[in-house]
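This report refers to the structure that appears directly beneath it.
The values are calculated or read from the model by the stated rules, or taken from the named source; none is laboratory data. Since the model is a prediction, treat every value here as computed from it, not as a measurement. Here the Cβ positions follow ideal geometry from the backbone for every residue, glycine too, while neighbour counts run over all protein chains shown. Note: areas computed on protein heavy atoms with side chains; ligands, DNA, RNA excluded. Shrake-Rupley method; radii C 1.70, N 1.55, O 1.52, S 1.80 Å.
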Amino acid sequence: MKSSSYCCLLASLLAVSTVTVYAETAGYPNKPVQIIADSSAGSTPDVALRFFAEALTRTWGQQVLVVNRPGAGGSVGARAAAEATPDGYTLYQPVLSTFVALHPAAPNVPLHVPKDFLPIGFVAENPMFIAVAPSLGVKSLKELIALAKERPGEISYATTGIGRLTHLTGELLQHEAKIKLQLVPYTGGPAHAISDVATGRVGMIIEGYSGIAGAARSGSVKLIAVASVKRLADFPDVPTVAETISEFVATGWGILVAPVGTPEAIVRKVSEDLQKVVKNPELDKKLAKLGSYTHPMLADETTAFVHKQQNRWNPVLADVARAQQK
């Protein structure tokens, strides 16, 4: 008798659970969804995210809006997303510079997965390109490294800021190639930096493709390497850095997360729909024009990816911090 009663109770609880899950996802979304981005409007992560937002809008029949909240190294967007109502109608796309570069420097900012945010999936990544001034007279990364060893500390390289991926990539390059370059950080976008490289005032630049594409196409700067895992289909003649320095990879990336407290069923639905969007070949074509690419990544894989990236870049960040204290 007791066993029968227990079975009935268990069946009732399962039924309630099923109804609850259905209630949480039924009709979701039934109003516009916003995705907070900690990147600036017009940047590669922003443009890539808008492609995804357009695709999710078509999938859901509800407008998916990108809300740019850059500032303070990404902490403005992170705080806004963490404080949002966890109902599935506010999502967040953090980028590498926020979840990796800002992470150790701002322990009070909500930047932890899954403690502060629930992982949903991967959005896109864009590898860093290395380009040189034509006047520098080098045609390959191997030649650049050889020249830097002949002239330690004399070749300057431009980055968009300090502590951003462009800067960290330069630091990693120096460490792995055992060379010394002169950092020239620029504020704002890459336009001024690219102009100075084109005229030869600065020897080289590290930048995402969307920022450097125009100058590369015009021949104002010369692309000599891309820090991706393999050569990109749209740039088959640009060697990877790893072809010269083994296992060297440096890519910017964006992931999609939700504030802690968002119903699990909604997180699961968004993740499943994101997987479908990621597999759309038309999206791949759009991303390729940005020098970006994507691939499916489940929630657990996204968490593991973030932690691996943090572990990879933490030593470089520590070196940068020590250098700034000198």
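Here are a few things to note about the model shown:
- Cross-chain or 6+ apart pairs with Cβ under 6 Å, segment 79-100 first and small (G, A, S), then in a helix (DSSP H, G or I): G88/I266; S97/L165
- Selection within segment 70-93: residues that are in a loop (DSSP other than H, G, I, E, B) and modelled with pLDDT under 95. The member of this set that is farthest from L256 (Cα to Cα) is G71.
- Condition check for F129: in a helix (DSSP H, G or I) and crowded, with 22+ Cβ neighbours inside 10 Å: no
- Test: residue in segment 55-67 that is open to solvent by 10 Å² or more (accessible area, probe 1.4 Å), closer than 25 Å to R164 by Cβ and not in a helix (DSSP H, G or I): yes
- Within segment 254-267, the set of residues being part of a helix (DSSP H, G or I), open to solvent by 20 Å² or more (accessible area, probe 1.4 Å) and farther than 22 Å from F99 by Cβ is empty.
- Long-range neighbours under 6 Å by Cβ, at least six apart or interchain, first residue free of Cβ contacts under 8 Å to residues at least 40 places away in the same chain within segment 218-246, second among the basic types (K, R) and surrounded by fewer than 17 Cβ atoms within 10 Å (Cβ to Cβ): T240/R231
- Just one residue in the set A321, A258 is among the small types (G, A, S) and either in contact with an Asp or Glu (Cβ under 6 Å, 6 or more places away or on another chain) or more than 30 Å from T85 (Cα to Cα) (or both); that residue is A321.
- Flag if R231 is charged (D, E, K, R), touching a Pro at 6+ places or on another chain (Cβ under 9 Å) and more than 25 Å from G200 (Cα to Cα): yes
- Once segment 297-326 is narrowed to residues that are more than 28 Å from P239 (Cα to Cα) and open to solvent by 80 Å² or more (accessible area, probe 1.4 Å), the residue that is modelled with the highest pLDDT is E301.
- Output for segment 276-296, where each listed residue is surrounded by 15 or more Cβ atoms within 10 Å (Cβ to Cβ) and in contact (Cβ under 8 Å) with a residue 12 or more places away in the chain: V277, V278, N280, L283, K286, L287, A288, L290, G291, S292, Y293, T294
- With a requirement of 1 or more residues that are surrounded by 20 or more Cβ atoms within 10 Å (Cβ to Cβ), the strands (runs of 3 or more DSSP E) lying completely within segment 133-234 that satisfy it span 156-159, 204-208, 222-226.
- Qualifying residue in segment 254-268 (condition: among the small types (G, A, S), at pLDDT 90 or above and over 20 Å from the mean Cα position of the chain (by Cα)): yes
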